[in-house]
Amino acid sequence: MGSPVHRVSLGDTWSTQVHPDIESERYIQSFNVERLINILDGGAQNTALRRKVGTYLQGLETEATYDAATQEFVVHSPTMTATKWWPGDLGRSATHALVQAQLICSGARQGMHAFIVPIRSLQDHTPLPGVTVGDIGPKMGFHHIDHGFLRLDHVRIPRENMLSRFAQVLPDGTYLKVGSLQINYLSMVVMRVDLLLGEIIPMLQKACVIAIRYSVIRHQSSLRPSGPEVKILDYQTQQHKLLPQLATVYAFHFLASNLLKFFHSSYSAILNRDFSHLPELHALSAGIKALVSDLCLQGTELCRRACGGHGYSKLSGLPSLVSRVTASCTYEGENTVLYLQTARFLVKNYLQVHGSLGSTSQMFLPKSTAYLTTPYQARCPAQKAADFLHAKLYTAAWAHVAARLIKDSAHHLQTLMQSGADWDEAWNQSTVLHLQAAKAHCYYISVKNFTETLDKLENEPAIQQVLKRLCDLYALHSILTNSGDFLHDGFLSGTQVDAVRTAYLNLLLLIRKDAILLTDAFDFMDHCLNSALGCYDGNVYERLFHWAQRSPTNTQGNPAYEKYIKPLLQSWRSKL
């Protein structure tokens, strides 16, 4: 393993001395941590480089009307609800904005398109004529970013300011487009894919590092009478809180990495005017962003609570992680809306294969939904706990549940329509079922992706073994968390769910011994974690005390003493 010195806060006098409780966790390594870091980064060269260095789009009200006489677009916010709200750097900094607006040319609406709109003077930074722009005010987090609002009152921009790779407006107002209208959603797809690895998943990774490192430093009570106090990570309940989060964040890292590869291949095809992968890419990015941000929020908060009172302190670094990942459930698509966009894709695919109730046809489906054409077992064949450690078995179990829920949601939709409801009404009356089906589909995709990642690590047997345990834990924990869906149609029996739990609990003990090494593989430096609890050397309490002493409330005078306490004490003294 390479030197860990790059991770440590060398400015602290104690940082050259590693705490014995965390040093013992790294003493015997069952796998090469540096090699796992390379795998997570996609290669040793990437590791070296890294160390060196609104959702309802159809309803957008902002309009861009083309004026052929002047060859300009007139960009306008016709209503108060057309105000742009939340864009980062808009409040005080940006001079130009990329504005999504409904294109109107030759009297016809052509849907959403993107336009570059100057909003502030390049001479004195004041808002340009027709532009109302400012900061939206205090937020739950992201205080360093000036999120802003923007209203446009008939602002004119040149025709060339429309982004025109896949659509353009000719000087005379003729509208030309290339490919699908869904290409207009590509920018949001790009943002979702980028956010997964760049913003959302690292929040849970950091939370796992902090909570698990702290859990081998914090000792409390004894496991046996008269025994010594033990590391709290040795308690099964603490393992149950934290290790599933560790397994989840590994699953999500590989899932997002694979989605990024699919995006690059799809984008290359799009540049060659092949738009066939775009619907699947949109559905996958929407559903995966929703599942990842949902579970990263739950996991980060669990990590915070697992650190007890210190987890409530900002010095732990955990409250800021929770507030940041909370925002991810809303930005670049609110999660319920995203799940339902995935559900539309799933229902459409299901109906292409099965058509009307009871009928089946042979049709080609995208890779992510190909399982909908495969007959599935009515009952799980597992007979003992060890059977549930077979990747094919739990992957097939999730395929069964996802396919059944998609079928149920599609059939419910069709039944409502046969009863006289139109499509829109029937869809709205079945969205809870669609939401449940989309979540199950995303779980299936994440489990299947993790198992396929393991298959590619045959030349890394030690790493493959430890990641296989994480994969097993992620799959079994997700089954236990959603056990009602597996019990509903009898696919699993109560006895089999008990066997799943047995296998799950056995995995906790196996993963416990590698927990610190698995968090080290995320390769965060101390200054990046910004946590007294999660420091690499484990000197938690020294940092807490040192950082607390540097707090302004301890280095500055107390104005409350002069104003309130001193007069009160003097009044008491005079009475005595």
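The values are calculated or read from the model by the stated rules, or taken from the named source; none is laboratory data. This one's a predicted model, so the numbers in the text were calculated from it and none came from an experiment. Here the Cβ positions follow ideal geometry from the backbone for every residue, glycine too, while neighbour counts run over all protein chains shown. These accessible areas exclude ligands, DNA and RNA; they are computed on the full protein's heavy atoms, side chains included. Shrake-Rupley method; radii C 1.70, N 1.55, O 1.52, S 1.80 Å.
Of note:
- Pro87 surrounded by 14 or more Cβ atoms within 10 Å (Cβ to Cβ) and at pLDDT below 85: yes
- Verdict on Gly148 being under 22 Å from Thr62 (Cβ atoms), of a type in the set (Gly, Ala, Ser) and modelled with pLDDT of 85 or more: yes
- On inspection, Asp485 does not qualify as surrounded by 18 or more Cβ atoms within 10 Å (Cβ to Cβ), under 24 Å from Cys471 (Cβ atoms), modelled with pLDDT under 95 and not β-branched (Val, Ile, Thr).
- Leading residue by the ranking (surrounded by the fewest Cβ atoms within 10 Å (Cβ to Cβ)) among those in region 512-545 that are under 32 Å from the mean Cα position of the chain (by Cα) and of a type in the set (Phe, Trp, Tyr): Tyr541
- Sole residue being open to solvent by less than 10 Å² (accessible area, probe 1.4 Å) and either part of a helix (DSSP H, G or I) or modelled with pLDDT under 90 (or both), chosen from Ala560, Ala503, Ala548: Ala503
- Boolean, Ser164 is more than 24 Å from the chain's Cα centre (by Cα), in a loop (DSSP other than H, G, I, E, B) and farther than 21 Å from Phe262 by Cα: yes
- Flag if Tyr394 is among the aromatic types (Phe, Trp, Tyr), closer than 22 Å to Asn335 by Cβ and either open to solvent by 30 Å² or more (accessible area, probe 1.4 Å) or not in a loop (DSSP other than H, G, I, E, B) (or both): no
- With respect to the conditions (1) more than 29 Å from Arg512 (Cα to Cα); (2) modelled with pLDDT under 60; (3) surrounded by fewer than 17 Cβ atoms within 10 Å (Cβ to Cβ), Gln45 falls short on a single one, namely (2).
- Helices (runs of 4 or more DSSP H) lying entirely in region 267-372 (those with 1 or more residues that are open to solvent by 40 Å² or more (accessible area, probe 1.4 Å) and either in contact with a strand residue (DSSP E or B) (Cβ under 8 Å, 6 or more places away or on another chain) or small (Gly, Ala, Ser) (or both)): 318-327
- Test: residue in region 121-128 that is buried (at least 19 other Cβ atoms within 10 Å of the Cβ) and at pLDDT 90 or above: no
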